[in-house]
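This report refers to the structure that appears directly beneath it.
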Amino acid sequence: MFKNAIAYITRKRLKSLVILLIVFTMSTMSLVGLSIKTAAEKASKETFKNITNSFALQINRKTNPGTPRGAGNLKGQDIEKIAKVSGVEGYTKRMNGVADLVDHDIIKTESTSVGQDEERAKNFARTVLITGVNDSTKEDKFIAESFKLVSGRHIKNDDKNTVLIHEDLAKKNGLKLGDKLKIKSNLFDADNEKQANETVTVTIVGIFSGKNKAPATYTQELYENNLISDLHTTAKLYGATKETAIYQDATFFVNGNTGLDKVIGDAKKLPIDWDMYEITKGANNFPSLQKSISGVYATAGKLLFGGLIFSGGILTLVLFLWLNARRKEIGILMSLGKSKLDIIGQFAIELVLISALGFAGSFLIADHAGKQVASGIVKQVTTSISKGLEREAATSKMTGGAEADGFNKTITELDITIGAEDIFFVIISGSIVILLAMLISSSSILKKHPKELLSEIA
């Protein structure tokens, strides 16, 4: 049978080539689709590793307007209560504030200076936004990749009098890692209700980069004028301690073995004024990222299964025509006493040999093809989401802050690799499709008797 299969393949080169191309296309589409799905899953895990199994405690804007300036007013004791809930393995908390640079200047632009009244310009001439955190690696701006650390280190829980500054602010003022920077309370800040007048000398431990993607209304909204500090520093600027201070929000990280919904449910049972707060699942703070990953995943799924189904249908049709043209051969073989199993066996060997070449060819180009297709899919999905966000932004009050960029964050690239598991899956699934196509296409012919087949030819 093997020699007969080889002979037929080499004799019917065009027909063999058509089948080879179908199998090649099916295998390539499947591999590309599967590799993109795998890459999307990997990207999702990597991107959401700090937020997937987490939830955020925020003020409920419907019932709680926050501080006079509109910042969050979470109580530290409420944060500590939730931190003790079973399943919570860690948390971060943010303290939002403003401060003045004592001996240095902020970054100013024409767009943020236009329309500012003289009094405000004078009172906030050297004012920066400062965010106190106990772990800056998990700070929203860094998770959203609005900010990226370019040198130095992040803020740690036990830090005091430390700060991260923007590279452009550092350059403007001739500052570098290890330098001291004096910052002081702003007496005109609406949130400085205690009228604290503290000056804190901080050490620059890290420098970050980042550019506003949306227009900034005020000079302080420019990323260049953002500082990230430890909680001790921010609290002191307002005449408070970490214990007595109020917080912008807090994010709690849940043990992977514990259900997120259960932990949230347990947290809501605590004696906390829940009319003032609301809980949001961490991933919900990055809706565009979720949409982009799910969009890529869905498109890859269509490519994978669509390739198998479409190619299977085409292959069935081609094989039907292929076998139909071999009625005389089949009739003669059956007349000579060849069993239907032997005949199917020969057809199977022919398909295996042709398919092996098709699979091998697809394995050689799938990696390159996958990268190209993935790039196109990501671009298409991102463009679609961006258009939707533009429409939403037109009716929202979202400014140029990093939170807005977090909302707008999408997946930008995929790491495409063809693994042994992908190849194995495609071979198995492709072989099943080929087998089904062969059985479907041959069933009507093999049901007939040799005399019927030979008479039809005559």
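Among the residues making up segment 40-90, those that are modelled with pLDDT under 75, crowded, with 18+ Cβ neighbours inside 10 Å and in a helix (DSSP H, G or I) are Ala40, Ala43, Ser44, Thr47. Please state which of the following conditions Gly97 fails to meet, knowing it meets all the rest: (1) surrounded by fewer than 15 Cβ atoms within 10 Å (Cβ to Cβ); (2) more than 30 Å from Asp266 (Cα to Cα). So the condition that Gly97 fails would be (1). Residues in segment 133-177 that are on the phi > 0 side of the Ramachandran plot and modelled with pLDDT under 95: 1 in all.
Selection over segment 419-441 of residues that are aromatic (Phe, Trp, Tyr) and loosely packed, with under 15 Cβ neighbours inside 10 Å gives a count of 1. Filtering segment 93-150 to residues that are closer than 22 Å to Asp230 by Cα and among the small types (Gly, Ala, Ser) leaves Gly97, Ala99, Gly132, Ser136, Ala144, Ser146. Considering (1) under 32 Å from the mean Cα position of the chain (by Cα); (2) modelled with pLDDT of 75 or more, the lone condition that Glu350 does not fulfil carries the number (1). Does segment 140-156 include one or more residues that are in contact with a helix residue (DSSP H, G or I) (Cβ under 7 Å, 6 or more places away or on another chain) and exposed (fewer than 14 other Cβ atoms within 10 Å of the Cβ)? Yes; the residues of segment 140-156 include at least one that is in contact with a helix residue (DSSP H, G or I) (Cβ under 7 Å, 6 or more places away or on another chain) and exposed (fewer than 14 other Cβ atoms within 10 Å of the Cβ). Scan segment 282-295 and give yes if some residue there is under 36 Å from the mean Cα position of the chain (by Cα), modelled with pLDDT under 75 and not in a helix (DSSP H, G or I), otherwise no. Looking through segment 282-295, at least one residue is under 36 Å from the mean Cα position of the chain (by Cα), modelled with pLDDT under 75 and not in a helix (DSSP H, G or I).
Residues that are aromatic (Phe, Trp, Tyr), in contact with a helix residue (DSSP H, G or I) (Cβ under 9 Å, 6 or more places away or on another chain), over 19 Å from Ala40 (Cβ atoms) and modelled with pLDDT of 65 or more do not occur anywhere in segment 401-420.
The values are calculated or read from the model by the stated rules, or taken from the named source; none is laboratory data. Quick caveat: nothing in here was measured; it's all calculated off a predicted structure. All Cβ positions, even for glycine, are placed from backbone atoms using ideal geometry, and neighbour counts span all protein chains on display.
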